[in-house]
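A.B. asks: First, the structure itself, so that you have it in front of you.
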Amino acid sequence: MKPRFFRIILLATLLFSINNIEAKEPYKNAVKLTFLSWTSGSTKISYERAFPDIKQSAEICGSVIGAGYDKYHNDPLGFTVRYGHKFFMGKYNPEKPLIGFYLRPEAIYSHYNYTHSETGLRTPARMGSILGTFGYQYCYRRFIADAWVGAGYAFGTPAETGYHHGFQLWNWFNTRNDNIALSFSIRLGFIW
């Protein structure tokens, strides 16, 4: 009697699960890690929520500065927060709302202290940035990959390295500009 009862329960559960798989709503949530952030001295985790009816998503990212390899050897310690709103472009499938090319305006705030290379004193770096980014996001089953590049305006008290654990200040071709912010990265994660 008991084996038969368990078989009926197992069969009912299986049928209910198969039925649910077919009727399942699209995955709208993602949690991602910024792939290379550990190599630059921080750990970044983001959450994204899709709004398929309007071809958009919202993403917030938090970073612990100091949790990673210290490539500048200046012992940074602090945090970064960023918010971006993605506008998906071109061909868009509401059943897969986190896939496609996008434009994303975003705001970033970086707040940390580091050891200055010349004075040896702990020095504050407080920078904000408003960026426009262009990227592509792809999902495969429950895995998500997101890559982008962007540029914008930066303001605040810069670090001597120009790196603010969310964006880099312009420091190329023998010129430095503390008001030009650049950003690029790859995020990997899971969707549900």
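The values are calculated or read from the model by the stated rules, or taken from the named source; none is laboratory data. Treat the numbers as computed from the prediction; the structure is a model and nothing was measured. Please note: Cβ atoms are built from the backbone with ideal geometry, for glycine as well, and neighbour counts cover all protein chains shown. Protein only, heavy atoms only, side chains kept; ligands, DNA and RNA dropped before computing areas. Shrake-Rupley method; radii C 1.70, N 1.55, O 1.52, S 1.80 Å.
A.B. asks: Out of (1) open to solvent by less than 50 Å² (accessible area, probe 1.4 Å); (2) without any contact (Cβ under 8 Å) to a residue 24 or more places away in the chain, the odd one out for T43 is which?
C.D. replies: Unmet condition: (2).
A.B. asks: How many of the residues in segment 134-190 are buried (at least 20 other Cβ atoms within 10 Å of the Cβ) and among the hydrophobic types (A, V, I, L, M, F, W, C)?
C.D. replies: Residues in segment 134-190 being buried (at least 20 other Cβ atoms within 10 Å of the Cβ) and among the hydrophobic types (A, V, I, L, M, F, W, C): 8 in total.
A.B. asks: Being under 26 Å from H85 (Cα atoms), touching a His at 6+ places or on another chain (Cβ under 9 Å) and open to solvent by less than 20 Å² (accessible area, probe 1.4 Å), is that true of even one residue in segment 119-126?
C.D. replies: yes
A.B. asks: In this structure, is S110 open to solvent by 70 Å² or more (accessible area, probe 1.4 Å) and small (G, A, S)?
C.D. replies: No, not satisfied.
A.B. asks: Here is a further query. Applying the selection to segment 173-191, what residues are without any contact (Cβ under 8 Å) to a residue 12 or more places away in the chain and within 19 Å of G132 (Cβ to Cβ)?
C.D. replies: N177
A.B. asks: Still on this structure: With segment 119-170 as the region, which strands (runs of 3 or more DSSP E) entirely inside it contain at least 3 residues that are more than 14 Å from the chain's Cα centre (by Cα) and of a type in the set (A, V, I, L, M, F, W, C)?
C.D. replies: Result: 122-140, 143-157.
A.B. asks: Can you tell me which condition F87 does not meet? The list is (1) farther than 18 Å from E106 by Cα; (2) surrounded by fewer than 18 Cβ atoms within 10 Å (Cβ to Cβ), and all the others hold.
C.D. replies: (1)
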